[in-house]
Structures are given as C-alpha cells and as structure tokens.
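> Have a look at this one before I ask anything.
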Amino acid sequence: MTDIRYLAPRTLDEAVGAFAASQGAARILAGGTDLLVQMRNGAVRPGTIIDIKKITELTSIEEAADGGFRIGAAVSGAALAEHPRFGRVWPGVLEAVNLIGSTQVQGRASPGGNLCNASPAGDSVPALVAAGAVVTVQGPKGRRQVAVEAVPAGPGRTNLGPGEIVVSFTLPPRPEGSGDAYLRMTPRTEMDIAVVGVGVSLTLRDGVVAAARVGLGAVAPTVLLVADAARALIGSRLDEAAVHAAAAACRAACNPIDDKRGTIAYRTRVAGVLLQRAVAIAAERAGRV
Ligand SMILES: Cc1cc2nc3c(=O)[nH]c(=O)nc-3n(C[C@H](O)[C@H](O)[C@H](O)COP(=O)(O)OP(=O)(O)OC[C@H]3O[C@@H](n4cnc5c(N)ncnc54)[C@H](O)[C@@H]3O)c2cc1C
C-alpha cells in the first residue's frame, strides 16, 4: 500500500500553495463523503490529501449588512441547518443541501464538495443555480468569481484550473416577495440519487413575477440554468399558460441518460412536473419572506 500524505492547513494560501505544488497528485478533502468512497473503490489514488475544514474562511457562514450570504465551501449541511437565518431566507437551498445523505453524512458533507464532485445529480447545485450563487475560487494566479453553473464541465469534471480551490458561495440579497424551492425525484424515498432535481427562485411584485431562475439537475451531463423557463415565468402572474411554458422549457432542456433508474422519457416528463410543483412552493414562500 502506498503512503498518503495528510495536510491540514490553517490558511487558504497554504492550502492553495500545497495544492498547486502537488501538480495534480493531491486531492482536496472537505467532508470526504465522496472522496473517501472513491478512494476505497480505487477510482482515486491521491498522493496527498489537503483537508480544508480547518480554514475559517471555508467553514464560516456570514450574513452581510445588505442581506446577502457568504457560505464557506466546506460548511457542512448540519451547520447550515443550524444557522438562525439562512433557512428562513433561502429555504430551497437549505432543503437541497439537507437532502444530501443521512444525518451522519450531513455532519460532514459540504456544498463545495457537492459542486466539485461534479455529479450531474448533486442536489445542492440546481438550488444554488436558481439562487444565482456566485462562487469565489482561489488558485495560484489569485482569486476569481464565477457563476455556480459555470463550474461543472461534465460528469466528474470541473472547469477549475490547476491548484484552484472553491472558497465560498455568495448568495445575493433577497428582495421582499422572494421565495425558493428544490424538489427531486428519487426511486427510493431515502439515501438515493436524484433522477431529476429542480430548483426554482422567484421574486413577486404585486403578484407579478419580477425575477426568476430555474436550475435543473440529473437530466444532462451538467446541472443546467434553464433561462427559457425563467423567461416564461417573468412578467406573468404564474397563470397556467406561463407555468406550462416553463415546464415545456425544462423538458426541452433535458438531455438525460437512459438507465434502470429512469428512462429518457420518464426523466424528461418528471422535469416538467417538478418544475410546476417547485414554482408553486416558491410562490407560496414568496408571500412570507
Ligand atoms: C451515503 C451517502 C449518501 C449520499 N447522498 C447524496 C444525496 O442524496 N445527494 C447528493 O447530491 N449527494 C449525495 N452523496 C454524495 C456526497 O455526500 C455529496 O456530494 C457531498 O456534498 C460531498 O461533499 P463533501 O464535502 O463530502 O466532499 P468531498 O468528498 O470532500 O469532496 C468531493 C470532491 O470535491 C473536491 N472538493 C471538495 N471541496 C472542494 C473545494 N472547496 N474546492 C475544490 N475541490 C473540492 C474533492 O477533492 C473531491 O474530488 C452521498 C454520499 C454518501 C456517502
């Protein structure tokens, strides 16, 4: 058995330095709920593991004066659920994060790991896409910001450069009359992977949709931002025609795999159904933000 070096830096600069110096031989460890499974089954054999859970910026949650949130990439689902305000402002994002695994998994698993694992079925990603979350990334060339939907490149692949680490997610301030929701379809009720996941975020003004975003998961090689679905909702009073048009846009965006857990026809149909249900929940929540 080959030795594995374990590093637990206290600063982001140290982590980035060690990650870049490893020239691809190291892996970042956040919760480890994907990484350790992949190491055990031999899919990944890192020479060095860089544990980022001891870096304050990556494990803290901050609400800005303007009402926006900054969530460290390595914050656990359990820590996010315990935050006194986050779930009130972003209930859809929180329910997506809290669908990941069991109570034990929740104590470790992070939204950063969910994003960087780059599974098309990662539950937190469509909700973060719908939320308009911006990802801060730090690497050997410095810091940059990128939309969350621009991070995944395909199953198991990201657009992160060599030595780059996801630092945090920034969620924008929430105007009055806003609500979000995340729904997924799984063949089993617990501990299963989504065959479709839909995140919706809406802002209503006098009953009219002023802003909308839709994220769609598990139906394409990457999680998708479905701009056509949002366009169908914006300016409407969420009448049947507008919601049906948004559902049709979600179905049109689908390019799913066909496997024992869901056929192409099934996944495509369910995408439209979940969109309609998530819109109804987000709209109901928009009434009480
Ligand atoms: C029993 C079980 C049930 C699960 N159920 C679900 C589920 O219902 N839904 C779901 O979506 N997932 C599920 N998962 C998968 C997993 O828990 C999630 O993907 C989780 O969010 C991963 O987070 P983590 O912090 O554990 O990531 P890790 O395992 O630490 O990392 C995952 C990958 O991302 C990289 N990485 C991590 N953080 C960063 C960073 N900040 N910057 C750059 N790269 C980084 C790592 O190197 C690794 O390649 C389940 C896993 C298990 C074991």
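The values are calculated or read from the model by the stated rules, or taken from the named source; none is laboratory data. Bear in mind the structure is a predicted one, so any value in this text is a computation, not a measurement. In this analysis, Cβ positions are derived from the backbone assuming ideal geometry, glycine residues included, and neighbour counts consider all displayed protein chains.
> Which of the residues that make up the range 231-266 are touching a residue at least 12 places away in the same chain (Cβ under 8 Å), in a helix (DSSP H, G or I) and closer than 25 Å to Pro155 by Cβ?
Listed by number, the residues that qualify are Ala249, Cys250, Arg251, Ala252, Ala253, Tyr266.
> Answer yes or no: is there a residue in the range 105-120 that is within 24 Å of Ala194 (Cβ to Cβ), of a type in the set (Val, Ile, Thr) and surrounded by fewer than 24 Cβ atoms within 10 Å (Cβ to Cβ).
Yes, the range 105-120 contains at least one residue that is within 24 Å of Ala194 (Cβ to Cβ), of a type in the set (Val, Ile, Thr) and surrounded by fewer than 24 Cβ atoms within 10 Å (Cβ to Cβ).
> OK, next. Which is under 21 Å from Thr33 (Cβ atoms) and touching a residue at least 24 places away in the same chain (Cβ under 8 Å), of Pro162, Pro187, Pro173, Pro140?
The unique qualifying residue is Pro187.
> Continuing with the same structure: Just give me the residues in the range 150-165 being part of a strand (DSSP E or B) and either more than 10 Å from the ligand (Cβ to nearest atom) or modelled with pLDDT under 95 (or both), in sequence order.
Pro152, Ala153, Gly154, Arg157
> Among Gly24, Gly31, which is the only one that is near the ligand (Cβ under 8 Å from one of its atoms), in contact (Cβ under 8 Å) with a residue 60 or more places away in the chain and in a loop (DSSP other than H, G, I, E, B)?
Answer to the selection: Gly31.
> While we're here: Name the residue that is farthest from Lys54 (Cα to Cα), counting only residues in the range 4-44 that are touching a Gly at 6+ places or on another chain (Cβ under 6 Å), surrounded by 20 or more Cβ atoms within 10 Å (Cβ to Cβ) and among the small types (Gly, Ala, Ser).
If we take residues in the range 4-44 being touching a Gly at 6+ places or on another chain (Cβ under 6 Å), surrounded by 20 or more Cβ atoms within 10 Å (Cβ to Cβ) and among the small types (Gly, Ala, Ser), then Gly31 is farthest from Lys54 (Cα to Cα).
This table checks each residue for (1) assigned by TED's automatic domain parsing to the domain that holds Ala25; (2) more than 22 Å from Ser201 (Cβ to Cβ); (3) surrounded by 13 or more Cβ atoms within 10 Å (Cβ to Cβ); (4) out of contact with any Cys (no Cβ under 6 Å at 6 or more places or on another chain).
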{"site": "Thr48", "(1), (2), (3), (4)": "yes, yes, yes, yes"}
{"site": "Ile52", "(1), (2), (3), (4)": "yes, yes, yes, yes"}
{"site": "Ala64", "(1), (2), (3), (4)": "yes, no, no, yes"}
{"site": "Gly72", "(1), (2), (3), (4)": "yes, no, yes, yes"}
{"site": "Val75", "(1), (2), (3), (4)": "yes, no, yes, yes"}
{"site": "Leu80", "(1), (2), (3), (4)": "yes, no, yes, yes"}
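> If you check Ile49 against the conditions, is it free of Cβ contacts under 8 Å to residues at least 60 places away in the same chain and not in a helix (DSSP H, G or I)?
yes
> In this structure, does Ala96 turn out to be surrounded by fewer than 17 Cβ atoms within 10 Å (Cβ to Cβ), aliphatic (A, V, I, L, M) and within 30 Å of Ala280 (Cα to Cα)?
no
> Limited to the range 51-67, what total is found for residues that are within 15 Å of the ligand (Cβ to nearest atom), within 19 Å of the chain's Cα centre (by Cα) and either acidic (Asp, Glu) or modelled with pLDDT under 95 (or both)?
1
> Does Gly122 fit the bill of being near the ligand (Cβ under 8 Å from one of its atoms) and of a type outside the set (A, V, I, L, M, F, W, C)?
yes
> In addition: For the range 108-133, enumerate the residues that are in a loop (DSSP other than H, G, I, E, B) and either among the acidic types (Asp, Glu) or at negative phi (or both).
Across the range 108-133, the qualifying residues are Arg108, Ala109, Ser110, Asn117, Ser119, Pro120, Ala121, Gly122, Asp123, Ala133.
> Just give me the residues in the range 252-289 being under 17 Å from Pro126 (Cβ atoms) and charged (D, E, K, R), in sequence order.
Selection gives Arg267, Arg277, Arg285.
> What number goes with the only condition from (1) of a type in the set (A, V, I, L, M, F, W, C); (2) within 18 Å of Leu171 (Cα to Cα); (3) outside any loop (DSSP other than H, G, I, E, B) that Val105 does not pass?
Unmet for Val105, out of (1) of a type in the set (A, V, I, L, M, F, W, C); (2) within 18 Å of Leu171 (Cα to Cα); (3) outside any loop (DSSP other than H, G, I, E, B): (2).
> Here's something else I'd like to know. Name the one entry in Ala109, Ala147 that is aliphatic (A, V, I, L, M) and more than 10 Å from the ligand (Cβ to nearest atom).
Ala147
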